[in-house]
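Following: one structure in structure tokens, then a few remarks.
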Amino acid sequence: LFRTAGFAHLYKKVDSTLRGHIGVEVKAALEGWRQGSLAVVAPAFPAMGRTTVDGRQRVGDTAVNGPPVAERLAEEAVPVTTLALADVRGGVLNRIFRARAEAGNRAIVCDAVTDADLAAIAAAGAMLEAGVVWVGSGGLARRLFTDSNPSRHQMQISHPIPSGPVLVVAGSLTAITRSQAARVADAGARPVTVSAEDLSARSPALERNRNEIERHLRAGMDVVVGIGRPDTAPAADTALVEHLARMLKSCQSLVGGVVATGGDTAAALLKQWGIGGLRLIGEVETGGVVMNIVPKQGGNRTRASVYFSGTNDSMQGDNYSEE
């Protein structure tokens with residue numbers, strides 16, 4: 001679709017800790033792009049402490065669980081090779097890319113531990129022109145698109161001031177998200193924990209949770225909503241956050257701002273609130289981008305500052321208001 005529509009570049013966004021199905025997704029991107037295309041794979045995001053060393057993804061000093069990046073691609077029958085830091089920093093990276101492609105490789109996984117490494121990868125890959133499928137996190141994207149347009153670094157982002165209480169929706173079950181939600185509560189937000197079992201069963205207890213949240217919001221109090229750690233294996237996280245977003249639909253008119261952690265949480269909340277898309281404006285901090293909200297035609301109207309942030313590669317949304 002993108003190719004036939006005339007797009008010049010394809011960027012396959014992946015998580016910097018390799019969550020998801022990177023092998024299947026890269027294979028599909030290669031098959032759908034141009035014949036003989038080459039995937040330049042660099043998932044490092046040094047500014048967020050995520051690096052690639054010896055083909056393995058690392059968070060700080062700890063290797064991410066699971067097989068190396070190249071192995072995940074090979075499992076899907078993608079001919080792949082890896083490049084060490086010495087190759088990335090050797091000054092002839094574009095020649096190496098061409099040689100590996102001519103040898104039959106369809107993907108090249110690159111080590112990177114600094115932004116300069118990613119800049120070198122971006123510059124070398126750009127010399128291959130339209131035949132590249134870029135695969136990376138926010139780290140490589142920054143080097144590709146801001147380095148080619150330095151004026152984007154100069155953008156002044158104004159921070160919207162919420163016109164009412166802020167609702168924080170922490171939909172992930174990870175320990176990091178629980179820690180983040182606890183810090184928000186320590187800063188003064190009213191915490192409300194919704195049981196994973198109640199969400200899975202759509203229990204009547206959810207109405208009590210919603211009433212409590214609405215009561216705090218009407219009183220002008222900020223609220224942080226999280227999902228309680230289940231005693232048994234829950235349904236998929238996506239199903240839980242969809243139920244959570246449905247429960248919070250009635251809160252839309254009560255808030256002056258929203259923070260949603262996790263992509264699935266943000267997507268579910270946007271759907272329930274009738275928000276059809278996000279228009280990129282700029283970056284407010286490393287790993288956090290600011291966007292305008294585009295409502296669906298006929299969707300609910302709201303006046304709120306809305307932010308979206310991820311546990312890993314965060315995504316934040318700017319102020320949207322419609323009278």
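Key figures
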item: Extended-chain gain in nm, criterion 0.36 nm per residue less alpha-carbon gap, V92 and R279; result: 63.6 nm
item: Extension gain (nm, one decimal) between E214 and S250, 0.36 nm per residue minus Cα-Cα; result: 12.1 nm
item: Global form of segment 163-275, assessed from the alpha-carbon gyration tensor, a/c cut-off 1.5; result: rounded
item: By average C-beta atoms within 10 angstrom, highest first, the peptides 131-140, 56-65; result: 131-140, 56-65
item: Peptide ranges 242-252, 193-203 listed from the most packed, as the mean C-beta count within 10 angstrom indicates; result: 242-252, 193-203
item: F145 - accessible surface, heavy atoms, 1.4 Å probe, Å² rounded to 10; result: 80 Å²
item: Percent RCO, i.e. relative contact order, over segment 1-133, from Cα pairs under 8 Å lying at least 6 residues apart; result: 32 percent
item: Label-point separation, M221 to A116 (7 Å along Cα→Cβ), nm; result: 5.2 nm
item: Carbon plus sulfur fraction of accessible area for segment 1-136, probe 1.4 Å, in percent; result: 53 percent
item: Placed amide H near L278: partners under 5 Å, 5+ positions off or other chain; result: V294
item: Per-residue HN-Hα couplings for segment 45-61 [Karplus 6.51, -1.76, 1.60; θ = phi - 60°; Hz; x = Gly/Pro]; result: 9, x, 5, 9, x, 10, 10, 10, 10, 6, x, 10, 7, 10, 10, x, 9
item: Furthest towards positive pole of dipole, G104, P43, A141, structure part segment 1-142, Cβ charges; result: A141
item: Y11 paired with D54, simple spin-label distance in nm, labels 7 Å along Cα-to-beta-carbon; result: 3.1 nm
item: Chain lengthening between A182 and R19 when straightened (0.36 nm per residue, less Cα-Cα); result: 56.3 nm
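The values are calculated or read from the model by the stated rules, or taken from the named source; none is laboratory data. Computed from a predicted structure; not experimentally measured. All Cβ positions, even for glycine, are placed from backbone atoms using ideal geometry, and neighbour counts span all protein chains on display. Side chains included, ligands, DNA and RNA excluded: accessible areas come from the protein's heavy atoms. Shrake-Rupley method; radii C 1.70, N 1.55, O 1.52, S 1.80 Å.
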